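Here is the structure we will look at, set down as structure tokens.
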Amino acid sequence: MSSSSSSSSGSSSSRRLWKYKQDVFLSFQGNGPTGTRLNFTDVLYHALTGKGLSVYIDDKKLEQGMPILEGLFTAIRQSRFCVVVFSRDYASSKWCLDELALIVECVELSRKSDDPRDWVDLLPVFHEVEPSDVRHVRGSFAESFSKHEEALKNDPDRVRRWKAAMEATAHFSGWPTRGRRWTELTEEIARYVMNRLSGSFLSISHEFVGLNSRVREVIALLGIGRDDNDHAVFVGIWGMSGIGKTTLAEAIYEEIRHSFEAAAYLRDIQATPPRKGLLWLQEKLLAELLREEKISLGNVSRGRHEIARRLQSRKVLVVLDNIDSTDQLYALVGHPGWFHPESRVIITTRDGHLLKAHDISIIYKVELLIGVQAQQLFCRKAFNSDFPKEGYEELTKSFVNIAGGLPLALKHFGSWMKGRSIAEWESALSSLAKISPEDIHGKLSVSFDGLSDAQKRVFLLVAFFFRGKDEGRVKDVLYRCNLDPIINIQGTPAVNGIVADIPVDRDEPLNPKAFSTMERLELLQIKNARFYDRLRYLSNQLRFLKWRGFPFEILPTTFEANNLVELNMSRSHLTELWRGRKEFRSLKIIKLSHSQHLMRTPDFSGAPNLERLILEGCVGLRDVDRSIGLLQKLDFLDLRGCRSLMALPDSICSLGSLRILHLSGCSRLVSLPTQLHHLGSLEELNLAGTAIKELPTSIGSLKKLKVLSFHGCAGSGGGNLSLWLCFPWFFMCPGTSSSSRGLLLPPMSGLTSLTTLLLSDCYLVDGEIPDDLDLLGSLEIVSLEGNLLTRVPAAVTRMTKLKYLSVSRCENLHSVPTLPSVEWMFADDCPSLELIPNQFAGATELSFLNCPLLAGNYASNDLMTALLKQHLSTPPIHEDAMFCVWLPGTEIPEWFGARSTGNTVKAALPERAARDRWKGFAWCCIFELVKQEASGTHIYNDGVSDFTHIININMRTDKGATRNGGWPVHSERNIRTEHSLLAYASPDLYWSSEHLDEADEMTFLFEAMGEGLVIRSCGVHLVLENE
């Protein structure tokens, strides 16, 4: 950065920390017998990245003689620290020396800035060499330079530049590796970098008055460093909008994140676009914490399970910013039992009740600034000083009083009045004095009287109507208002919009005639309003209309808003939306979900740009107008639960852009149009709970289809919880057909993109599943639950990418074949099941609950042992893979080193000399479930809310450290005979090496969670290599 940058304003300077693209640039000599790439540098790299630091490591070194990549200088300049590993042959590499010269050049250039936050720091590491040999170019370094001087006689300046760079390292202290354990040394270097970065962040906090003290107060509540907690600590940060919750959370995060194995900060969760939703947030959270580029969870319920499973053994920091619903909390952090006891979760919200509803007892309320602090913040914005300018003292006091201690208002007023004359200050105060002190929005609006009308309108549109909304939707509405959301995204005076959330207990009805005078009304948002007369007029200038519980049967006949972008009238009393053709050419979203009186859809010919049509729960809907086929931009059509709908118009096959079609719960829908192959963009088709018995052959031509559900078609059933975990939407609407004939499936070989096929409760018998299913090379998830099969179809056994298979509740099923690729296999509640293989390579979970004939054909101990042996001999599919198997059984295997009746057992850890051979824990318990509720309701809810029962294991070392693991019981039925659970996991999944190094013994408590679940006996075995 040039020296001129140092003269920029304080607010600009405060953001310089984030200009770096990575924390560390790593320079090393990787080739030859003394190269460090595969030894010390590898350990250092993992120590740095293990603390959440971003590291640039160049694995693609050019051969000697090749020019240095032009981007190398940029990569170094965009790093906060450059760690140089000087090894014996470092100077033998021209590449390394060129790299070092560039590093020194960047370091010196950065020092021209007066702000230390702009500096690039050089951190040398002396690996098996003397620091003085590097700085004075002696020993092996001198030998290398002699060779370079000889080889580069025609380029002596290059060699001199290298030598100057070597000598420049004398100005920087570093770390010698001789006599040090690599793991300890690299941890020390990583901590040094972390502490320096944390200090850089805190150094900018001068802009935020009172921030440091608030940071310390919240950190004290978090109890960082305490290891006596049984569960993770959750802390809520609560306060009104604009009070600084997000700024506080960001400061805390930057201060403490390097004290954890991994950290994740999800910003402004309320603003997550609906098209992404909870699943996207779960995948983002896990990807950040596990440092994986992409994670696919399938659905929210499975995401909850995976978060709980994969984070219990990791000490993590999670910050959820701007939470506004309990659904978000349940999906992302559940409850403290999901996490390692030393993990910490911080939640910011405007809704204090939301925190209490989630049983979060540690709540930090962010208070308004008062007195000197309020004046300081205002003055820093208005005068670049902590004190008012001479002559402005009383004016400053007046503005501070009007702002009422709200940081957003103080910063806003200060910035707006900066550089203005006393007369302008007095004029602004005069305007503010006319506004009610309680109306903070009014106070803020006056400062923008100098803006253009367009800028003013945009600010209030966003502030009142679109906070937390999808950015694309907001821009659509703004453009229809003839506003540029990029240029004008500021300002805030009056606007032609209404927001009215009427209390449900209000008895007095409103007068609808009031709308007749609002000819310029552009945005309308109403909830729970009652009127004593019918609605005759709405402004045709409307761009956004959201009216929950709309109390009228139809929109006014004169309403034809050509600029309307979104029409949202969920839970309305509409019987039809409009009659005849209406011009709504800008309309992109119609949402009428749960409008139970709606009988037909309107003529869509005047709304050609519609993209989303949501009619979920419209139980009276009987007719979809054929004009729907004209909607060539329609992407999402939701007709779930429209149980009066008996047919779809053929024109629906003309929807070339349609990606998602939800028809689940349309229990009277008996057929589909025949020309489905024209739906060339369709990716998801949900027919669960329909009365469809036979499908058109054209369905096999949907090349882009990824998810296809027939659950409950031509049959009935509730679905297995193991699948409910993965696909909760799949079980929303049970089938209603009473026919004994199964669903007739057409050939499906054309579904080349299909990943998920759900065929549960379809009364399918052997031979009715197409033989060409194995040709679907992308298929990963198959459910055949609740069918009449006696064997797993041959096509399923040939699927090479199949990961999940459930045949639970197939009461005629006799055998399960070898399935080499399956990771999750569920065959619960199969009373006729007699034969299963003793090998499932790469499996994560196998469940055979309530399969009584297996107990007579197999010794459960032998079968469990065989399955575990195979698991241990197979490379894990996932780095943190666990393994568990559920079987009928009454005894703990004899080879278990520690066994006990009841639910508690102790085990000595391996001798320290043998700990390098320790591969993992094997747990086993015998249990019985005798009081399962017939309704199948969720008796136990730990935030996952997907299971009635869970077997939890609490592990405690003799030094007091604790960890938890858990396995949900999948069967929906009583388990009246004893069953066994065998589980295995690596110690690294739950424990850090420091905890294991100091422990000699561990106690294991098996907890039965859920009514009627009883642990009869338990055992644990510490598995060693070659055992």
Could you list, in sequence order, all residues of the range 655-688 that are farther than 11 Å from Arg640 by Cβ, among the hydroxyl-bearing types (Ser, Thr, Tyr) and touching a strand residue (DSSP E or B) at 6+ places or on another chain (Cβ under 9 Å)? Ser671
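Is it the case that Lys94 is touching a helix residue (DSSP H, G or I) at 6+ places or on another chain (Cβ under 8 Å), modelled with pLDDT under 55 and under 27 Å from His148 (Cβ atoms)?
Judged against the criteria, Lys94 is not a match.
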Six or more apart or on different chains, Cβ atoms under 9 Å: show the pairs whose first residue is in the range 840-853 and in a loop (DSSP other than H, G, I, E, B) and open to solvent by 10 Å² or more (accessible area, probe 1.4 Å) and whose second is aromatic (Phe, Trp, Tyr) and modelled with pLDDT of 85 or more. Thr844/Trp824; Thr844/Phe883
So, Ile347, is that one at pLDDT 85 or above, assigned to a strand (DSSP E or B) and open to solvent by less than 60 Å² (accessible area, probe 1.4 Å) or not? yes
Could you list, in sequence order, all residues of the range 149-192 that are at pLDDT below 85, farther than 22 Å from Cys82 by Cβ and of a type in the set (Gly, Ala, Ser)? Gly179
Which one of these does Asp862 not meet: (1) surrounded by fewer than 20 Cβ atoms within 10 Å (Cβ to Cβ); (2) part of a loop (DSSP other than H, G, I, E, B)? (2)
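Go over the candidates Leu17, Leu44 one by one and state the one that is open to solvent by less than 30 Å² (accessible area, probe 1.4 Å), within 28 Å of Glu288 (Cβ to Cβ), at pLDDT 75 or above and assigned to a helix (DSSP H, G or I). If you could, list the steps in order and put the result at the bottom.
Values: Leu17 fails: at pLDDT 75 or above.
Leu44 is the lone residue from the list that is open to solvent by less than 30 Å² (accessible area, probe 1.4 Å), within 28 Å of Glu288 (Cβ to Cβ), at pLDDT 75 or above and assigned to a helix (DSSP H, G or I).
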Tally, over the range 1004-1027, of residues that are more than 34 Å from the chain's Cα centre (by Cα) and either more than 20 Å from Thr901 (Cβ to Cβ) or in a strand (DSSP E or B) (or both): 14
List every residue pair whose Cβ atoms lie under 9 Å apart, where the two residues are 6 or more positions apart in sequence or sit on different chains, the first residue falls within the range 680-704 and is in contact (Cβ under 8 Å) with a residue 60 or more places away in the chain, and the second residue, located anywhere, is hydroxyl-bearing (Ser, Thr, Tyr) and open to solvent by less than 10 Å² (accessible area, probe 1.4 Å). Ala688/Ser664; Ala688/Ser709; Ala688/Ser760
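Among Arg480, Arg457, Arg473, which is the only one that is open to solvent by 40 Å² or more (accessible area, probe 1.4 Å), closer than 30 Å to Gly497 by Cβ, touching a Pro at 6+ places or on another chain (Cβ under 9 Å) and modelled with pLDDT under 50?
Every option except Arg457 fails the conditions.
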Checking Leu577 against (1) part of a loop (DSSP other than H, G, I, E, B); (2) within 24 Å of Arg659 (Cβ to Cβ); (3) within 36 Å of the chain's Cα centre (by Cα), which single condition isn't satisfied? (3)
Restricting to the range 175-195, and then to whatever is under 19 Å from Arg138 (Cα atoms) and free of Cβ contacts under 8 Å to residues at least 60 places away in the same chain, can you tell me which residue is least open to solvent (accessible area, probe 1.4 Å)? Trp175
So, Leu598, is that one at pLDDT 95 or above, buried (at least 17 other Cβ atoms within 10 Å of the Cβ) and farther than 16 Å from Leu587 by Cβ or not? yes
Looking at the range 279-320, which of its residues are farther than 25 Å from Ala985 by Cβ and either open to solvent by less than 20 Å² (accessible area, probe 1.4 Å) or among the aliphatic types (A, V, I, L, M) (or both)? Leu279, Leu281, Val319, Leu320
Regarding the range 351-372, can at least one residue be identified that is more than 21 Å from Trp238 (Cα to Cα) and among the hydroxyl-bearing types (Ser, Thr, Tyr)? no
Do we have any residue at all in the range 545-555 that's aromatic (Phe, Trp, Tyr), crowded, with 19+ Cβ neighbours inside 10 Å, touching a Phe, Trp or Tyr at 6+ places or on another chain (Cβ under 7 Å) and part of a strand (DSSP E or B)? no
Tally the residues that are assigned to a loop (DSSP other than H, G, I, E, B), among the aliphatic types (A, V, I, L, M) and surrounded by 19 or more Cβ atoms within 10 Å (Cβ to Cβ), restricting the search to the range 630-656. 6
Across the range 356-407, what is the total count of residues that are surrounded by 15 or more Cβ atoms within 10 Å (Cβ to Cβ), not small (Gly, Ala, Ser) and not in a strand (DSSP E or B)? 23
Give me the pairs, please: first residue somewhere in the range 777-804 and in contact (Cβ under 8 Å) with a residue 60 or more places away in the chain and of a type in the set (Phe, Trp, Tyr), second residue anywhere and surrounded by fewer than 22 Cβ atoms within 10 Å (Cβ to Cβ) and assigned to a strand (DSSP E or B), beta-carbon distance under 9 Å, and either six or more positions apart or on two chains. Tyr804/Ile781; Tyr804/Trp824
Hits in the range 47-74 - residues which are more than 17 Å from Ile103 (Cα to Cα), modelled with pLDDT of 80 or more and surrounded by 16 or more Cβ atoms within 10 Å (Cβ to Cβ): Ala47, Leu48, Thr49, Leu53
Candidate set from the range 260-278 (those that are crowded, with 19+ Cβ neighbours inside 10 Å and assigned to a helix (DSSP H, G or I)); member that is nearest to the chain's Cα centre (by Cα): Leu278
Name the one entry in Leu788, Leu743 that is modelled with pLDDT under 85, under 22 Å from Val670 (Cβ atoms) and of a type in the set (A, V, I, L, M). Leu743
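The values are calculated or read from the model by the stated rules, or taken from the named source; none is laboratory data. Bear in mind the structure is a predicted one, so any value in this text is a computation, not a measurement. Note that we place each Cβ from the backbone using ideal geometry, even for glycine, and neighbour counts take in every protein chain shown. Remember, those area values only see protein heavy atoms, side chains included, never the ligands or the DNA or RNA. Shrake-Rupley method; radii C 1.70, N 1.55, O 1.52, S 1.80 Å.
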